[in-house]
Amino acid sequence: MAKFHAPVIQDNPSGWGPCAVPEKFKDMPYQPFSKGDRLGK
């Protein structure tokens, strides 16, 4: 039978977001979006 291994969870006592930004997302700017935006145009 397969076993379930719980993932490691980082607790952030000073907020609700992640404790640190992953290296691959460090220099990525914030991109606002809207559900009504059309893709490809």
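Bear in mind that the values in this text are calculations on the coordinates, not laboratory data. Please read all numbers here as calculations on a predicted model, not as lab measurements. Cβ atoms come from the backbone with ideal geometry, glycine included; neighbour counts cover every protein chain shown.
Summary table
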{"read-out": "Mean Cβ neighbour count within 10 Å, used as a protection proxy, ranking 29-36, 17-24 highest first", "value": "17-24, 29-36"}
{"read-out": "Summed residue charge, Cβ within 13 Å of Ala20's Cβ, Lys/Arg positive, Asp/Glu negative", "value": "0"}
{"read-out": "For the chain: Kirkwood Rh in Å [reciprocal of mean 1/r, alpha carbons]", "value": "14.7 Å"}
{"read-out": "In Hz, Karplus ³J(HN,Hα) per residue of the range 13-29 (6.51, -1.76, 1.60; θ = phi - 60°; x = Gly, Pro)", "value": "x, 9, x, 9, x, x, 6, 9, 7, x, 4, 5, 9, 4, 9, 8, x"}
